[in-house]
There are 2 protein chains.
Amino acid sequence: MIKTLGYVADHPGDQLHLFSFERDEPRETEIVLDVLYCGVCHSDIHQVKNEWGNTVYPCVPGHEVVGRVSRIGEAVTRVRVGDVVGVGCMIDSCRTCEACEQGEENYCQGPNSWLATYNGPMIPKAKARTGENMYGRDNTYGGYSSTLVVSQDFVIKIPPRLPYAAAAPLLCAGVTTYSPLKHWGVTAGHVVGVVGMGGLGHLAVKLAKAMGAEVTVFTTHAEKTDAALDIGATRVVLESDQAAFEALAGQIDFILSTVPQKHDLNPYILLLKRDKTVVAVGALEPMAPLNNMQIAFNCKSTAGSLIGSIAETEEVLTFCADHEITPNIHLIDINGVNAAFKDVERGDVRFRYVIKMDWMDAMGG
Amino acid sequence: MIKTLGYVADHPGDQLHLFSFERDEPRETEIVLDVLYCGVCHSDIHQVKNEWGNTVYPCVPGHEVVGRVSRIGEAVTRVRVGDVVGVGCMIDSCRTCEACEQGEENYCQGPNSWLATYNGPMIPKAKARTGENMYGRDNTYGGYSSTLVVSQDFVIKIPPRLPYAAAAPLLCAGVTTYSPLKHWGVTAGHVVGVVGMGGLGHLAVKLAKAMGAEVTVFTTHAEKTDAALDIGATRVVLESDQAAFEALAGQIDFILSTVPQKHDLNPYILLLKRDKTVVAVGALEPMAPLNNMQIAFNCKSTAGSLIGSIAETEEVLTFCADHEITPNIHLIDINGVNAAFKDVERGDVRFRYVIKMDWMDAMGG
């Protein structure tokens, strides 16, 4: 067993606090990481507070993990001790379903779907149609911790030109925005809308711009206007600005909504060109009702998208290295994470907190 | 002016009744039809009762019109006097926008969008951003009438092998279901779901089956099961049958919902395979809220689609002639239309009423 320190919530109202636990020894195709950095994702907050109703406590969040390989199982061939690698939202999948065979592990259709880096399999045993638990555990502990044990197939090598800390947010926020931009064919000359200017939104702006698109940002935060223009947006529209919405009606090729809770997509549907799509990636919950009149009248679509595959995660890291894209991050200590959660909930961060792991500090703090 | 008899509603609670009015003389590219048949579409009821809030009274409905050309303007080249032709939901469009230039008049982006066969332009002058009325009229009178005047570019020749009466429902119900089946790539081997077993739904079953798909019908009407199987469905699922829904989870390639009012698409989203779409064509109004958790977890989409283009209307008539598909119709007299409306609202018709025009009867009735 591997002695590990983490930051944990024991119940929905809990503050994260220090936690000592043991991880299983690596199986022969697994590796052990010493965690160096871990991004703070809004879904960490949803999960800690049980806002999706599926949290398994104790909950150690964290799925934007960069770490150094400290040990490897006997059959590991893809990484070596000393390598710095990334781990995103998944640490395993069924590997036999059609989605897995097609390299889309993030849509794994196995009895428990993929194994999340924290909070256990996406379909827990109790909800699996077969009543199976192929992973043997209903809870997993994430990257707000000193070590992680993960299958070699679910780690991503960090390209040499990417700073380690800046790579962390790409492992969830990056691939979650890259995957739909690519899937819906965003390309040079497109007009792209990005709704929400947080960790995901600001990366969506940078990625879409690097793909050659002209980007319009929609936000409720007027004070983020300059920052959005600085990172490449052509235009920033406040969600209250009716005149701007009217002027943009029917002008946009693709809209990515990164808003992390229930919201109304109807105003955005009006901005799409004919036969185009708005995709929501942040709000994993019931949304405001859609008016099918607006949708049908121009053959429009709404869709959802969930993180991205391992191949896409590798792609987005390479894409960012090639285009010199890094997220705008603020480094914090693990004992600053409760304050960081409050800032994220208020939307008051530009644009991603990344925890720099230092457990001596944590134990003293 | 052309003296015309029609059936009209003067206000939302009105019964349709006889109405004498005059149509404009045909312009040089327009033709005059003597109406032979007109299908009864659920949207005729929505419109007569002002259920979409946009009805212009007096309202003479009818947009599944088959008629014989009685006169032609000087510049008409596409039809001759004596031809039997069809007219669907549109009698004109702007002809200059991108959609029109690409042959998708049903998504016309002109200041008033397309000119509807009844109830005037889709975007009336008062709502047009430019304040224009390019068609010069805010109301039009449909095919529940003795004559129709229409641009030669918006009539469809009826293929010789199609019975005239059976051709009528193809002009709206037919193309409204054909267009999305084609747009979303339904093909041999696909599993297609059709929600609602009325005028649209039963044609969707026949069309999808002729495209080589296996069709599952979802209905609230257990008594329609045999009829649905008769016309080619492989399976009929009652909307209350939870076990059947569970068994079909993740099995369907494309779902077309023809339900003509607000309904809940969430149970159908669960039936889609990864990265597939449910399209609603009947309910032009706010729908039940969608749970984006279900949508994002398998990269699914919901979309809308509005009737079809003139080219697609020609296609569906040819497709039906080639595959020997005809709608299941009941012929009625125009003075039976109020009773027919009640049956359609209850879903008690298998599957389309078609009015056989005989104005001597109507005046005596």
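Some notes on this structure:
- Inter-label distance, nm, simple model (7 Å from Cα along the C-beta direction), B:Glu98/B:Ala311: 1.6 nm
- Selection among A:Gly39, A:Ser301, A:Phe154 by position relative to the dipole of chain A gives A:Ser301 as farthest towards the positive end (Cβ unit charges, Cα centre).
- Cross-link partners of A:Lys356 among lysines (Cα-Cα below 22 Å; sequence separation of 8 or more within a chain): A:Lys3, A:Lys157, A:Lys342
- Between the residues B:Leu207, B:Gly196, B:Met287, the greatest Cα displacement towards the positive end of the dipole of segment B:174-304, with unit charges on the Cβ of Lys, Arg, Asp and Glu, is found for B:Leu207.
- Intensity falloff of the protein assembly as shown expressed as log10 I(q)/I(0), Debye formula with alpha-carbon point scatterers, at q = 0.07, 0.11 Å⁻¹: -0.56, -1.09
- For segment A:116-161, the equivalent ellipsoid derived from the alpha-carbon gyration tensor has semi-axes of 26, 12, 8 Å in decreasing order.
- Shielding by partners for peptide A:176-186, expressed as the average number of C-beta atoms from other protein chains within 10 Å of each residue's C-beta, is 1.
- With its label point put 7 Å out from Cα toward Cβ, B:Ala288 sits 2.1 nm from the same residue's point in the other copies, in order from shortest.
- Each distinct pair of alpha carbons in chain B adds a 1/r term; the inverse of their mean, the Kirkwood radius, is 20.8 Å.
- Here's the list of aspartates and glutamates a cross-link from A:Lys209 could span, going by alpha-carbon distance under 17 Å and ignoring same-chain residues fewer than 8 apart: A:Asp226, A:Asp230, A:Asp253, A:Glu315, A:Asp322, A:Glu324.
- Inter-copy label distances at A:Trp359, using a point 7 Å along Cα-to-Cβ, come to 9.1 nm with the shortest given first.
- Database remark: amide H of A:Ala128 closer than 5 angstrom to no amide H (H placed geometrically; neighbours at sequence offset of 5 or more, or on other chains; Pro and chain starts carry no H).
- Per residue of peptide B:298-311, the mean number of Cβ atoms on other chains within 10 Å of the residue Cβ is 6.
- Lys, Arg +1 and Asp, Glu -1 on Cβ, resulting dipole of chain B about Cα centre, debye, nearest 20: 340 debye
- Distant-in-sequence amide H partners of A:Val155 (H built 1.01 Å from N, under 5 Å): none
- Remark: segment B:37-47, residue by residue, has Karplus-estimated 3J(HN,Hα) of 9, 8, x, 9, 9, 4, 5, 4, 5, 3, 6 Hz, where x stands for each Gly or Pro and the curve is 6.51 cos²θ - 1.76 cosθ + 1.60 at θ = phi - 60°.
- Relative to the 2.2 N^0.38 Å rule of thumb, segment B:195-316 has a C-alpha radius of gyration ratio of 1.03.
- The orientation-averaged projected area of the convex hull spanned by the Cα atoms of segment A:305-365 comes to 5.9 nm².
- Estimated vicinal HN-Hα couplings, Hz - segment B:61-70 in sequence order (Karplus 6.51, -1.76, 1.60; Gly, Pro = x): x, x, 9, 10, 9, 10, x, 9, 5, 9
- Distances between copies at A:Ser240, taken between label points 7 Å from Cα along the C-beta direction, are 5.0 nm in increasing order.
- Shown in residue order for segment A:226-238 are the 3J(HN,Hα) couplings computed by the Karplus curve 6.51 cos²θ - 1.76 cosθ + 1.60 at θ = phi - 60°: 4, 5, 5, 5, 4, 8, x, 5, 7, 8, 10, 10, 6 Hz (x for Gly and Pro).
- Over 20 Å apart at the Cα level, from the set B:Lys182/B:Lys276; A:Lys300/B:Lys182; A:Lys300/B:Lys224, are A:Lys300/B:Lys224.
- Across chain B, the relative contact order, built from alpha-carbon pairs under 8 Å that are at least six residues apart, equals 17 percent.
- Taking the helices alone, the protein assembly as shown has a mean residue ellipticity at 222 nm of -6000 deg cm²/dmol, built from -39,500 (n - 2.57) per DSSP H run of at least 4 residues and averaged over all its residues.
- Under a 5 Å amide H cut-off, with hydrogens placed 1.01 Å from N, B:Asp92 pairs with B:Leu115 among residues at least 5 apart or on other chains.
- Assigned charges on the beta-carbon of Lys, Arg, Asp, Glu; the protein assembly as shown dipole about Cα centre (debye): 240 debye
We did not get these values from a lab; they are worked out from the coordinates using the rules stated. Note that the structure is a prediction, hence the values are computed from the model and not measured. All Cβ positions, glycine included, derive from the backbone under ideal geometry; neighbour counts span all protein chains shown.
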